[in-house]
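Everything below concerns the one structure shown next.
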Amino acid sequence: MPLRQTTARELIALPDYADEVVRGLISRQKTLPCKLFYDDLGSELFERITELPEYYPTRTELEILRGSSGEIAEAAGSGVSIVELGAGTATKTGTLLRAFARRQMRVKYYPVDISPAALDAAEKRVGQDCPAAQVHPVIADFSNGFNFLQNISGRKLVLYLGSSIGNFDGPDAIALLRKVRQRLSPEDALLLGTDMVKSAEILVPAYDDAQGVTAEFNKNILRRINREFAADFDLDSFRHIAEWNPVKSRMEIYLESTRQQVAILRTPSVRVILAAGERIHTENSYKYTLPMVERMLCVSGFKLERTWYDRREWFGLHLARV
Ligand code: AVJ
């Protein structure tokens, strides 16, 4: 963590993403990293998003898991340890773990997350949803790589669900998958969840809901900047924008300044000047076609073995091998 001297006496510890935040806010196209959405309030707002009528991905992926867990467990093979990247509170994993518990003696489940609170909740939930599973929580931040995978013995099935991969640009997604690949052995497998391309009429409301929960979630990033960088962003002077970009195949999320304004960060000291209508880009959420998924997996060193869809083919679960 870089230390910065603010006065002769006081040393303030800045979060390790301080440089990224400052660079983003002084760029021509202003941006903030979407990982900053997930402080305590942001994680709570995201849980509410997953329950919104317009936000179909979570319940659609769950529908696939409910319908196809038996087949997925069958295809993944027996005797695997299940490692879930970004497990959060493990709301979706119970169904899959039960399918494995029916086929193998012991089910070892390693939920991996940066939030210890989420992992506590995951452990409790899995204890109820699948008592046969042995839960081994792993606190880890993916920006430090996937070394923890080496410490898990035996065959592994790595889960990366929820279309979390969709937050990464092509090259970053490939870099992440390659790092996972590096830590896996020939018998191991990856189960990747991806949100599929569909009409803007479905996509846009999923990221701009009628109740305004997603708008609140988006604005919360400024609340966090205000708190952690002693800044003074006026949340009421920003409008939530969600647009479908068909060329880049992604939903783009912005905060648009409704007036000309200046925001000040005190530690570190930065002046952010925003014109009326100027936007801060806060998130991309890529949507995939099957060829896009196949290519992404292939260039990362995986081979796509099988895909399961929901009845509308809105979401895909892909089993890949090294
Ligand atoms: C957690 C990245 C899968 O892109 O759908 C939901 C985040 N942002 N609504 C997504 C999100 C706005 C979500 N992911």
Within the set of pairs 6+ apart or on separate chains, which have a first residue in the stretch 27-49 that is touching a residue at least 24 places away in the same chain (Cβ under 8 Å) and within 11 Å of residue 216 (Cβ to Cβ), a second that is more than 10 Å from the ligand (Cβ to nearest atom) and not β-branched (Val, Ile, Thr), and C-beta atoms under 6 Å apart? 41/220; 42/220; 45/216
Are any of the residues in the stretch 309-320 farther than 30 Å from residue 71 by Cβ and open to solvent by less than 10 Å² (accessible area, probe 1.4 Å)? no
Does residue 210 qualify as being open to solvent by 70 Å² or more (accessible area, probe 1.4 Å), hydrophobic (A, V, I, L, M, F, W, C) and within 16 Å of the ligand (Cβ to nearest atom)? yes
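Which residues, taken from the stretch 170-189, are open to solvent by less than 60 Å² (accessible area, probe 1.4 Å) and either under 17 Å from residue 113 (Cβ atoms) or in a loop (DSSP other than H, G, I, E, B) (or both)?
Result: 176, 180, 184, 185, 188.
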Complete set of residues in the stretch 113-140 that are surrounded by 15 or more Cβ atoms within 10 Å (Cβ to Cβ), in contact with a helix residue (DSSP H, G or I) (Cβ under 9 Å, 6 or more places away or on another chain) and assigned to a helix (DSSP H, G or I): 118, 122, 125, 126, 129
Identify all residues within the stretch 238-266 that are over 20 Å from the mean Cα position of the chain (by Cα) and closer than 17 Å to residue 281 by Cβ; write none if there are none. 238, 239, 247, 256, 257, 258, 263
Determine whether the stretch 59-81 contains at least one residue that is open to solvent by less than 10 Å² (accessible area, probe 1.4 Å) and within 12 Å of the ligand (Cβ to nearest atom). yes
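Does residue 265 fit the bill of being closer than 23 Å to residue 17 by Cα, buried (at least 20 other Cβ atoms within 10 Å of the Cβ) and touching a Ser or Thr at 6+ places or on another chain (Cβ under 9 Å)? Outline the logic, then answer.
Values: closer than 23 Å to residue 17 by Cα: yes; buried (at least 20 other Cβ atoms within 10 Å of the Cβ): yes; touching a Ser or Thr at 6+ places or on another chain (Cβ under 9 Å): no.
No.
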Answer yes or no as to whether residue 170 is modelled with pLDDT of 95 or more, among the small types (Gly, Ala, Ser) and within 20 Å of the chain's Cα centre (by Cα). yes
Looking only at the stretch 216-239, which residues are surrounded by 20 or more Cβ atoms within 10 Å (Cβ to Cβ) and over 22 Å from residue 14 (Cα atoms)? 217, 218, 238
Contacts under 7 angstrom Cβ, first residue in the stretch 208-223 being hydroxyl-bearing (Ser, Thr, Tyr), partner part of a helix (DSSP H, G or I), 6 or more apart: 214/49
What are the residues in the stretch 33-48 that are within 13 Å of the ligand (Cβ to nearest atom) and over 13 Å from the mean Cα position of the chain (by Cα), if any? 45, 48
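The values are calculated or read from the model by the stated rules, or taken from the named source; none is laboratory data. Remember, it's a predicted structure, so these values are computed and weren't measured experimentally. Quick reminder, even Gly has a Cβ in these numbers, built from the backbone with ideal geometry, and neighbours come from all protein chains shown. What goes into the accessible areas is simple: the full protein's heavy atoms, side chains included, and nothing from ligands, DNA or RNA. Shrake-Rupley method; radii C 1.70, N 1.55, O 1.52, S 1.80 Å.
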